[in-house]
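The values are calculated or read from the model by the stated rules, or taken from the named source; none is laboratory data. Please read these numbers as outputs of a predicted model, since none were measured by experiment. Because the Cβ atoms are built from the backbone with ideal geometry, glycine has one as well, and the counts that use them run over all protein chains shown.
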Amino acid sequence: MKKHQHSKGSTSCQAVEKSPKEKGKSNELRNVLVLLSLSILPYLSCLHGDFVFDDAESILNNPIVNGKDSLSQIFYRDFWGRPIASPSSHKSYRPVTTFTFWINYKLYGTTTFGYHVGNIASHAVATVLFYQFAKQLEKLFNFFSIAFPAAVLFAVHPVHTEAVANVTGRAELLMTIFSLAAVIIYNKSQEFDWRFISLVFLATFSKEQGIMSIPISIFLDLFSRNSVQLKHLYMMILFLSIGILRIAINNFQNAEFTKLDNPAAFIESRFYRGVNYSYIWLYHIYLLIMPANLCFDYSMGCISPISSLSDVRVLSPVLISVVVIIGVKFWNECRLLSFSVMLGAISFLPSSNIFFTVGFSVAERVLYLPSVGFCLMCAVLLSKVSNHCKNADIIAVTVLLLSISKTYKRSAEWENELSLYSSGLRVCPMNAKIHYNMGKVLGDSGLMKDAEKNYWNAIKLDPSYEQALNNLGNLLEKSGDSKTAESLLARAVTLRPSFAVAWMNLGISQMNLKKYQDAEKSLKNSLTLRPNSAHCLFNLGVLYQRTNRDFLAMSAWRNATRMNPYHSQSWTNLFVVLDHLDQCSEVIELSSEALESVPNESRVQMQIGSCYARQRNYVKAEEYITNAIDLHPTSALYHANLGVLFQRTNRMKEAETEYRVALMIDSNNTIAKYNLQKLEQNNSYNSTKP
């Protein structure tokens, strides 16, 4: 019997093996999906987080982002919305990032979800780009299997939390995306073309560190190809041109920071200043290696300055020198490892205080791009250790799980300011600035005693902390302790004579203590420093009113409404005094201008209605008083005034109803009580009449 044989064309149930090319594509897709998951999942805990820390300045109060100023002003303002040429500007020029905030604001307003989605998505894109960059390095240096583990570490590294969970951190994310894209395109094409130049500009104008993508690209050539070419000269010319352009945009001025921002920069001794800088560099490296205790702010007592040779940290420059010497000696042993270290160092240079003073001591966010080099270095070391240690993979997986857990927990701490500042105090209990920020948050939440305690802690840690002195003085003034408030505010303006807000608050305390001459001087000092302050003009008007200078008071309030048409208190007080001086015609003349700016201010509506009533235009009076009640239905005074209006027009039943409503809201309202009593007496008299 012949055996049955399958013909060549017959079908088979056996799986067809994929070609190496197909396998490669499948593995690539799997790796990308894993990286996307790892870069997104740990940050889900901050998706619904509030605007916190710097977000108020960069987004909520930024006139370009919130639409108060034209979008075209984006080229003339710094990252915080101030004129870039102004001496008070921080000189952070990031129009690309600000433009993305403007888009977010147009789409979502002040709802934070869309902003956080944008940040997390940007981190995911940066992770995938880093993976592609690392794949290129594998081929360049003939050192394989490091791209995926390096990208995994980048996706979940806890030190990235500030850049991702804090909306303002988007500057780091966009800068890194454009920087990596620039280096990838340059390395792929080996051409100094318009694409590379465009991406470098986008990176630099997302955040200043982006300019370092040029030297990174040059060093990549030097490390991988051992060649210096003419195009490198062109690239350095581009580097210098962009640098000069940035300085020109800053009006050739450096940002002026204070000791509160960067204490090390204000150490007089050059030796100890250098030692402190060296220690700060090492601390940033420590955060990359051991991101266990993270803090949003490391200034003001978090890292004590080195001021003595007995402090072991004075050896920081020696340690850095030893590392550099070892690196130079063995740089040729593993060129990919050497390039990774160089990439991290080059990208950190703008934050190092070497070329210019920065506005922080330690900042986790500035490690986002330098961590690219760190993650590559870790992957290279893992590959080498794996050849000698059987448990290397177990150690790597453990580090991965710990990183995911820490990142998830840390991103949740960025959910709101209370949790953020509480976490900061656990890490840096001696940081006066965190106590100050905690005081602000607790005060805004109505927890005045707790706020007061934190402000006192801040002042105890730093007696020259004028902002804490001002805020505590303001808080104590509101609680009725004007004497202590005056003392604190006087200290604040002595420490910083240009502190306009403190001068205004000092004037308010002095006014409440009936020190009217001193109060007037303080308020005028504030106006000299900030002549466009509507709130200070309002308080000066209150002072004039208390000292029976009504015409000066009205002038101050009118000026306040010119400076800020939305200052409802100034409109209200101006109309009250005009009414009191029988100048209701002027109130009515100004009414359309006032209502255009503050249409939902019930007191303004009420005052206009009152003036129409004085002019016996009861129809108009009823319209405006009714508007006031609609805006503030629980005001006994408004209902009582409407009752008076109805009584004048012989609508007694309606008058009685309004008086009764007023008394239900406030049983002690004298207008309603007296007029209702009269109405009831009249009704009783009429009912007994023969």
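Which residue out of L420, L376 is surrounded by 22 or more Cβ atoms within 10 Å (Cβ to Cβ), in contact with a Ser or Thr (Cβ under 6 Å, 6 or more places away or on another chain) and outside the structural domain of A492 (by TED's automatic domain parsing)? Criteria check complete, one pass: L376.
Restricting attention to segment 306-324, the residues that are at pLDDT below 90 and either surrounded by 15 or more Cβ atoms within 10 Å (Cβ to Cβ) or more than 28 Å from S269 (Cβ to Cβ) (or both) add up to 0.
Take F348 and decide whether it is surrounded by 15 or more Cβ atoms within 10 Å (Cβ to Cβ), closer than 30 Å to E256 by Cα and out of contact with any strand residue (DSSP E or B) (no Cβ under 9 Å at 6 or more places or on another chain).
Values: surrounded by 15 or more Cβ atoms within 10 Å (Cβ to Cβ): yes; closer than 30 Å to E256 by Cα: yes; out of contact with any strand residue (DSSP E or B) (no Cβ under 9 Å at 6 or more places or on another chain): yes.
So F348 passes the test.
In the set (1) modelled with pLDDT of 95 or more; (2) surrounded by fewer than 22 Cβ atoms within 10 Å (Cβ to Cβ), the condition left unmet by M430 is number (1). Of the helices (runs of 4 or more DSSP H) lying entirely inside segment 506-611, those containing at least 3 residues that are surrounded by fewer than 16 Cβ atoms within 10 Å (Cβ to Cβ) and assigned by TED's automatic domain parsing to the domain that holds L475 span 516-529.
Annotation note: Cβ proximity below 6 Å between a residue of segment 68-83 that is in contact (Cβ under 8 Å) with a residue 24 or more places away in the chain and a residue that is of a type in the set (A, V, I, L, M, F, W, C) (sequence gap 6+ or interchain) occurs for I74/I64; G81/I64. Filtering segment 657-690 down to residues that are among the basic types (K, R) and under 22 Å from P633 (Cβ atoms), which residue is modelled with the lowest pLDDT? Restricting to residues being among the basic types (K, R) and under 22 Å from P633 (Cβ atoms), the top hit is K673.
Within the bounds of segment 246-269, is there any residue that is more than 27 Å from the chain's Cα centre (by Cα), assigned to a helix (DSSP H, G or I) and of a type in the set (K, R)? No, because not a single residue in segment 246-269 is more than 27 Å from the chain's Cα centre (by Cα), assigned to a helix (DSSP H, G or I) and of a type in the set (K, R). Mind listing whichever residues of segment 614-623 are surrounded by fewer than 22 Cβ atoms within 10 Å (Cβ to Cβ) and assigned to a helix (DSSP H, G or I)? Matches in segment 614-623: R614, Y618, V619, K620, E622, E623. Given (1) in contact (Cβ under 8 Å) with a residue 40 or more places away in the chain; (2) surrounded by fewer than 20 Cβ atoms within 10 Å (Cβ to Cβ); (3) more than 25 Å from the chain's Cα centre (by Cα), identify the lone condition not met by N293. In the conditions (1) in contact (Cβ under 8 Å) with a residue 40 or more places away in the chain; (2) surrounded by fewer than 20 Cβ atoms within 10 Å (Cβ to Cβ); (3) more than 25 Å from the chain's Cα centre (by Cα), N293 misses (3) alone.
All of S351, S405, S361, S371 fail the test of being touching a Leu at 6+ places or on another chain (Cβ under 7 Å) and of a type in the set (G, A, S), apart from S371. Per this entry, S371 is not counted among residues that are surrounded by 22 or more Cβ atoms within 10 Å (Cβ to Cβ), within 27 Å of the chain's Cα centre (by Cα) and part of a loop (DSSP other than H, G, I, E, B).
Residues in segment 116-170 that are among the hydrophobic types (A, V, I, L, M, F, W, C), over 25 Å from I285 (Cβ atoms) and assigned to a helix (DSSP H, G or I): V117, I120, A121, A124, V125, V128, L140, V167. If you check G327, G359 for being of a type in the set (G, A, S), surrounded by fewer than 22 Cβ atoms within 10 Å (Cβ to Cβ) and not in a helix (DSSP H, G or I), only one passes: G359. Taken together, S269, S217, S224 contain a single residue that is surrounded by fewer than 18 Cβ atoms within 10 Å (Cβ to Cβ) and over 30 Å from T407 (Cα atoms), which is S269.
Of the residues R195, R170, R225, the single one that is of a type in the set (D, E, K, R) and under 30 Å from C46 (Cβ atoms) is R170.
Answer yes if at least one residue in segment 575-594 is free of Cβ contacts under 8 Å to residues at least 40 places away in the same chain, in contact with a Pro (Cβ under 7 Å, 6 or more places away or on another chain) and among the polar types (S, T, N, Q), and no otherwise. No, that holds for no residue. I'd like the full set of residues that are more than 17 Å from S610 (Cα to Cα) and not in a helix (DSSP H, G or I), limited to segment 634-680. Within segment 634-680, T634, N650, R651, D666, S667, N668, N669 qualify. Going residue by residue through segment 407-419, is there one that turns out to be under 29 Å from L495 (Cβ atoms), in a helix (DSSP H, G or I) and not aromatic (F, W, Y)? Yes, segment 407-419 contains at least one residue that is under 29 Å from L495 (Cβ atoms), in a helix (DSSP H, G or I) and not aromatic (F, W, Y). Close Cβ contacts (under 6 Å, 6 or more residues apart or on different chains) running from residues in segment 383-396 that are in the same structural domain as A134 (by TED's automatic domain parsing) to residues that are part of a helix (DSSP H, G or I) and of a type in the set (S, T, N, Q) comprise A392/S386. Within segment 540-557, which residues are of a type outside the set (G, A, S) and touching a helix residue (DSSP H, G or I) at 6+ places or on another chain (Cβ under 6 Å)? Within segment 540-557, L540, L543, Y544, Q545, T547, D550, L552, M554, W557 meet the criteria.
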